Structure formats: C-alpha cells, structure tokens
1. Are any residues in region 177-214 in a loop (DSSP other than H, G, I, E, B) and in contact with a His (Cβ under 9 Å, 6 or more places away or on another chain), and if so, which ones?
2. Residues that are without any contact (Cβ under 8 Å) to a residue 40 or more places away in the chain, assigned by TED's automatic domain parsing to the domain that holds Ser300 and farther than 28 Å from Ser203 by Cβ: list the helices (runs of 4 or more DSSP H) wholly contained in region 339-403 that include at least 1 such residues.
3. For Gly217, state whether it is over 21 Å from Gln306 (Cβ atoms) and either assigned to a loop (DSSP other than H, G, I, E, B) or outside the structural domain of Phe255 (by TED's automatic domain parsing) (or both).
4. Could you check region 40-67 and list, in sequence order, the residues that are in contact (Cβ under 8 Å) with a residue 60 or more places away in the chain, assigned to a helix (DSSP H, G or I), more than 18 Å from Thr166 (Cα to Cα) and not β-branched (Val, Ile, Thr)?
5. Scan region 312-327 residue by residue and report those that are surrounded by fewer than 23 Cβ atoms within 10 Å (Cβ to Cβ) and not in a strand (DSSP E or B).
6. Can you tell me which residues in region 239-263 are surrounded by fewer than 24 Cβ atoms within 10 Å (Cβ to Cβ) and under 19 Å from Glu49 (Cβ atoms)?
7. Cβ-Cβ below 7 Å, separation at least six or inter-chain, first residue in region 259-282 and of a type in the set (Lys, Arg), second in a helix (DSSP H, G or I) and at pLDDT 95 or above: which pairs?
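The values are calculated or read from the model by the stated rules, or taken from the named source; none is laboratory data. In this text, all values refer to a predicted model and were calculated from it rather than measured experimentally. All Cβ positions, glycine included, derive from the backbone under ideal geometry; neighbour counts span all protein chains shown.
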Amino acid sequence: MKKGFRTITVPYGAGFQTAELSSGRPLHILSPEKREGGPLRDETDILLEALKNPIASPPLRELARNKKSAVIITSDHTRPVPSRLTIPLLLKEMREASPEIDVAVLIGVGCHRASTKEEMIKKFGEELVFRERIINHDPMDEASLVSLGLLPSGGELRLNRLAVETDLLVADGFIEPHQFAGFSGGRKSVLPGIAALETVLASHNAEFTVHPKARPGSLDGNPFQEDMLFAARKVNLAFILNVTLSEDKRVSAAFAGDVEAAHLKGCARVLNDSAVKGVVSPVVVTSNGGYPLDQNIYQSTKSIMQADLVCAEGGVIVAVNECRDGHGSRSFLDSFINATSLDALIADIESRKRDETIPDQWVIQLTASILRRRRVLMVTGAPENEVAALGMRKMESLTEALEVADSLTGDPDAPVTVLPDAVAVVIKL
C-alpha cells in the first residue's frame with residue numbers, strides 16, 4: 001500500500017477485489033459491529049443444542065414417532081444453507097424415532113432453475129446425494145402441484161404434492177435480511193420455495209413490491225410475510241431448523257422448532273447483529289458478500305438495492321459481484337432488452353393486476369426504478385452485453401470502477417460508503 005493511501009477490500013466470488021483510496025478521503029464502511037464472545041463453537045454442537053431445545057415445539061424425534069413418511073424442504077444452490085450439516089442431523093432425529101420412515105429431501109427452488117447434480121454434491125456432499133432421495137421442486141409441473149385454497153393476497157395457493165401429502169413436513173434454512181420479504185428463512189421455505197409459479201407471481205405483485213413495510217428487517221405488516229406464513233401453516237410445516245452465519249459462512253447460531261416462534265427468535269438475533277447506521281455518500285461500493293450469493297446478475301440486484309438507500313442524489317453505485325453464471329434469469333434480462341425505456345417498463349409493471357404478474361417482475365420493477373435514478377458500474381465477470389442491456393457499465397476492477405465513479409461525480413475526494421456484504425445488513429437511516 002502506498003503511503004498516504006488505505007486499502008478497501010470487498011468480497012468477489014471466492015476471493016476479493018481491492019482498491020486504494022487517499023487517507024484523507026471520507027470513507028464509511030457499513031458492517032455490523034464485531035461482537036465479543038470469542039471463537040465460534042463447533043457448528044454441529046450448535047445445531048444439536050438447538051434440536052435438543054426446540055422453541056414452542058416438541059422435539060423433532062417426538063414429532064416423527066410413528067410417522068411413515070417425511071419431507072425435508074431445503075434451499076437451492078443460490079443459498080449458503082449448510083445443508084451438509086443440517087440434513088444428516090434431521091434425518092438422524094427422525095429415523096431414530098421411526099426407523100422405517102420414508103424421507104425425501106425437496107429442494108425449494110422457488111422460480112430459480114433446478115440445481116444440477118454437481119451443485120447438489122457441492123451443497124449436500126457426495127454421500128448424501130447418492131444415498132438419499134433428493135428432488136428438485138418444479139414450479140411448472142402441474143402433476144406435482146396441489147391446490148390448498150386462496151392466499152390472503154387473493155392468489156391460489158398451490159404447493160408441491162410431496163409436501164402436502166407427507167406425514168411430517170420439516171425445513172432447514174438460513175436467516176438473513178431480505179430486500180422485500182424482511183428476512184429469509186422460516187416460512188419462506190414454503191412460499192416461494194415449493195409453490196407453483198402462478199402462486200409466487202400472485203404474491204410477488206407490483207403493489208406488494210413497493211409496499212412501505214416490504215423492506216429489509218420488516219416482518220409486521222409486511223404483505224409478503226402474511227402470505228408466506230399462511231402458506232406454511234396451511235401445509236402444516238411442523239418443524240424448522242434455521243441458522244445464522246458468520247462472515248466466513250460458518251454456523252453462528254441455530255433456531256429449531258415452531259415455524260413462526262423459532263423463526264422470530266432467529267430474526268431478532270439477526271436484526272440485533274446486522275443493524276447498521278446508514279451514511280449517505282456520492283459513491284457507494286456494494287457487494288453480495290461473494291459466492292454463492294453473487295453468482296449471477298439477478299441475485300446481485302440485492303446489493304444494488306441496498307446501496308440505493310445510501311446513495312446521494314446524482315451519485316454512483318459500484319456493484320462488485322462476480323456473476324460466474326451470467327444474468328441468472330432470461331426473463332429478467334429480456335425485460336430490459338425489449339423495453340423501449342425504463343419509464344415504459346415501470347409503467348407497464350405498475351399497470352398489471354395481481355393475477356397478471358410475470359416471472360421476476362418484482363426484481364425487474366425494483367431494479368428499473370433504481371437504474372432510472374442512479375448510474376451503476378458493475379465490477380463483474382458477466383458478459384459485457386448482458387451488463388449493458390441492463391443499463392449498467394462493466395468494469396474490470398474495483399480500482400477502475402472508482403476512477404470512473406470519480407469522473408462521473410466530478411469530485412475525486414467525494415465521500416465513499418462501502419457495503420462489503422450488503423445482503424447481510426439492515427440499514428437504519
């Protein structure tokens with residue numbers, strides 16, 4: 001590092017992007033405070049303790065007693081849920097209570113693509129993949145879906161038949177702030193996890209996406225959460241094992257038990273640990289926190305949405321996300337390619353009724369509204385034509401991006417706010 005400069009480091013894929021700023025330039029790094037408590041305990045010990053002390057629920061092995069079938073809903077390859085640790089423990093609990101129980105692991109892909117065998121092995125471990133019955137949910141397979149009535153929002157609740165017809169439904173999960181659902185984890189395993197495409201679309205409508213309660217850290221009055229909890233209760237999600245993760249993606253805490261009570265306790269922990277005071281700046285550097293959360297542009301919009309909250313009027317957002325899988329959603333990309341303008345794209349979305357929602361509309365709507373107001377530079381490995389189609393500029397390095405940002409603001413000494421792991425914080429303004 002040169003004298004008179006300091007280095008900023010931002011996660012990028014499996015590594016980092018770095019750049020140097022002059023020591024006199026105002027720099028605000030928005031990360032949760034480091035909390036005392038020494039090194040993390042063994043991850044398995046944390047999980048076992050949670051299973052032995054379930055919240056507002058009998059132990060899982062008691063729930064499994066005399067059951068003939070069970071389904072474990074788990075997250076897909078885009079989420080860092082430590083399923084290679086959680087699922088074996090859940091299986092052990094159930095099988096020790098009912099040795100003959102037939103258990104299927106159902107990957108709640110929501111509207112994402114199915115996980116490949118290679119991605120399953122990386123997430124679950126080779127032994128689990130080849131020993132257990134692991135199934136990708138398909139939101140468009142009519143034969144695999146069952147109707148359970150109407151959601152509070154009015155959409156039809158259609159869920160995976162395996163989950164509906166099993167004797168015992170369980171889920172693992174990961175709790176973090178979510179850009180409009182408030183928090184991930186808990187009831188989100190069911191909706192959107194194992195729901196029909198039409199069910200997800202009806203719930204993720206244009207009205208809900210811009211609802212004042214639909215924001216990171218918000219559960220009460222959040223219309224997304226109302227639909228999600230209703231769906232989880234309707235399908236009898238009996239038990240969850242949710243975790244929080246440290247910066248290096250290790251289990252820091254676990255919450256097991258009732259789908260609502262255990263999740264709320266986990267959310268309270270995350271809110272306590274992740275709240276940061278926002279500082280508005282002309283230049284905001286943001287990241288999804290590296291792989292796997294930055295594996296495509298679609299997912300990377302989450303950190304851009306967080307950066308928008310602390311970007312000054314006329315400012316520049318620098319998004320640092322590897323995007324090794326490119327755009328991540330054809331419908332998302334095509335919406336921008338085919339739009340005559342951002343104004344027209346947003347107007348079209350806002351004119352749609354709840355039952356006219358299209359795939360990925362919620363991300364398209366929020367991203368378009370930001371791109372209409374902000375200049376976004378993207379440090380990424382994604383193809384340049386895909387980045388450009390979204391109205392962003394591709395940068396090869398964080399250093400280059402900051403140089404371009406300074407030229408756009410016209411002030412090389414403009415304050416910089418950095419969100420190294422934007423999706424892991426709740427910004428308080």
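1. Phe180, Ser184, Gly185, Pro192, Gly193, Ile194
2. Filter on region 339-403 gives 384-389.
3. no
4. Within region 40-67, Glu43, Leu47, Glu49, Ala50, Leu51 meet the criteria.
5. If the condition is that a residue be surrounded by fewer than 23 Cβ atoms within 10 Å (Cβ to Cβ) and not in a strand (DSSP E or B), then Arg324, Asp325, Gly326, His327 are the ones that fit.
6. Start the filter on region 239-263 by keeping residues that are surrounded by fewer than 24 Cβ atoms within 10 Å (Cβ to Cβ), which leaves 244-253, 258, 260-261.
Those that are surrounded by fewer than 24 Cβ atoms within 10 Å (Cβ to Cβ) and under 19 Å from Glu49 (Cβ atoms): Thr244, Leu245, Ser246, Arg250, Val251, Ser252, Ala253, Asp258, Ala261.
7. Qualifying pairs under 7 Å: none.
Condition check ((1) out of contact with any helix residue (DSSP H, G or I) (no Cβ under 8 Å at 6 or more places or on another chain); (2) acidic (Asp, Glu)) across all residues:
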{"residue": "Gly328", "(1), (2)": "no, no"}
{"residue": "Leu333", "(1), (2)": "no, no"}
{"residue": "Phe336", "(1), (2)": "no, no"}
{"residue": "Glu356", "(1), (2)": "yes, yes"}
{"residue": "Ala368", "(1), (2)": "no, no"}
{"residue": "Leu371", "(1), (2)": "no, no"}
{"residue": "Glu396", "(1), (2)": "yes, yes"}
{"residue": "Pro415", "(1), (2)": "yes, no"}
{"residue": "Leu429", "(1), (2)": "yes, no"}
